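**Q** I'd like to ask some things about the structure below.
The values are calculated or read from the model by the stated rules, or taken from the named source; none is laboratory data. Please read all numbers here as calculations on a predicted model, not as lab measurements. Ideal geometry is used to build each Cβ from the backbone, glycine not excepted, and the neighbour counts take in all protein chains shown. Ligands, DNA and RNA are excluded from the accessible area calculation, which covers all protein heavy atoms including side chains. Shrake-Rupley method; radii C 1.70, N 1.55, O 1.52, S 1.80 Å.
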Amino acid sequence: MAWRLWDMTWSHLVVRGGLAVVFGVVAMLFPLSTATALALLWGVWALADGALTLVQAFGAPRSPVRPVLGAMGIVALLAGALAVSDPGLTAVTLTRVLGIWLIARGLLEAVVALLDREAESRAGMLLSGAVDVVLGLLFVLNPGRSAVGLAVVLGLVAAVWGVVLVIVGFLVRRRHLNDGAAVHG
């Protein structure tokens, strides 16, 4: 028997959706706290990654890889310690890095579009590259507001995703009830 969407428990979908809506609303109401919390969470992950990489380095047999693993572990520990001690600075720094990446990506998209004269999507690639460059410049020039803006966008996406899950949950419930009525009717 094939798995069907209505085999999922509808109430789980509704609860997941409700939690996503709550998270999204909180993220939009408190974007600065959301950005700071995400940077802090990343810092904790970097600390754990650094510690585990060092364990891996010391457990590895003597080889040229061992010092590289050790350096990777130390860098991760330092980055994690900075993020945990100053998550606001980390959020701003990560936003700047995202901005630099967007600028580089946009410029490279434009180069590809200009070099590939046969591409049907040339105008779209140029437009996409321009949007990336503009967003990247906004992130680099004003990383604090950009980090807050990203938190608001994350909240909006979570809230919309949550509403969709709640709707799907109730649709699954209705489908399940209709199938039950058809079987018993």
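**Q** Only one of these is at pLDDT 95 or above and β-branched (V, I, T): V164, V168, V148, V183. Name it.
**A** On the way: V168 fails: at pLDDT 95 or above; V148 fails: at pLDDT 95 or above; V183 fails: at pLDDT 95 or above.
One residue alone meets the criteria, V164.
**Q** Find the residue count for the stretch 45-65, including only residues that are open to solvent by 60 Å² or more (accessible area, probe 1.4 Å) and outside any helix (DSSP H, G or I). Spell out how you get there, then give the answer.
**A** Initial filter on the stretch 45-65 (open to solvent by 60 Å² or more (accessible area, probe 1.4 Å)): 45, 49, 52, 55-56, 58-59, 61-62, 64-65.
From what is left, the residues that are outside any helix (DSSP H, G or I) are 61-62, 64.
Count: 3.
**Q** Look through the stretch 122-135, keep the residues that are out of contact with any Lys or Arg (no Cβ under 6 Å at 6 or more places or on another chain) and open to solvent by less than 40 Å² (accessible area, probe 1.4 Å), and return whichever of them is farthest from L94 (Cα to Cα). Working first, answer last.
**A** To start, the set of residues in the stretch 122-135 that are out of contact with any Lys or Arg (no Cβ under 6 Å at 6 or more places or on another chain) comprises 122-131, 133-135.
Add one more test, that the residue is open to solvent by less than 40 Å² (accessible area, probe 1.4 Å), and what stays is 129, 133.
Details: G129: 21, V133: 17 Å.
Per the stated criteria, the residue is G129.
**Q** Got a number for residues in the stretch 101-121 being open to solvent by 50 Å² or more (accessible area, probe 1.4 Å) and assigned to a helix (DSSP H, G or I)?
**A** Residues of the stretch 101-121 open to solvent by 50 Å² or more (accessible area, probe 1.4 Å): 101, 105, 107-108, 111-112, 114-118, 120-121.
This time we only want the ones that are assigned to a helix (DSSP H, G or I), so: 101, 105, 107-108, 111-112, 114-115.
Number satisfying all stated conditions: 8.
**Q** Find the residue count for the stretch 164-181, including only residues that are open to solvent by 70 Å² or more (accessible area, probe 1.4 Å) and under 24 Å from the mean Cα position of the chain (by Cα). I'd like the intermediate steps shown before the answer.
**A** Kept after step one, since they are open to solvent by 70 Å² or more (accessible area, probe 1.4 Å), are these residues of the stretch 164-181: 164, 167, 170-171, 173-178.
Filter once more, keeping what is under 24 Å from the mean Cα position of the chain (by Cα): 164, 167.
Total meeting the criteria: 2.
**Q** Within the stretch 136-149, work out how many residues are open to solvent by less than 70 Å² (accessible area, probe 1.4 Å) and assigned to a helix (DSSP H, G or I). Walk me through how you get there before you give the answer.
**A** Of the stretch 136-149, the ones open to solvent by less than 70 Å² (accessible area, probe 1.4 Å) are 136, 139-140, 142-144, 146-149.
Subset that is assigned to a helix (DSSP H, G or I): 136, 139-140, 143-144, 146-149.
Result for the stretch 136-149: 9.
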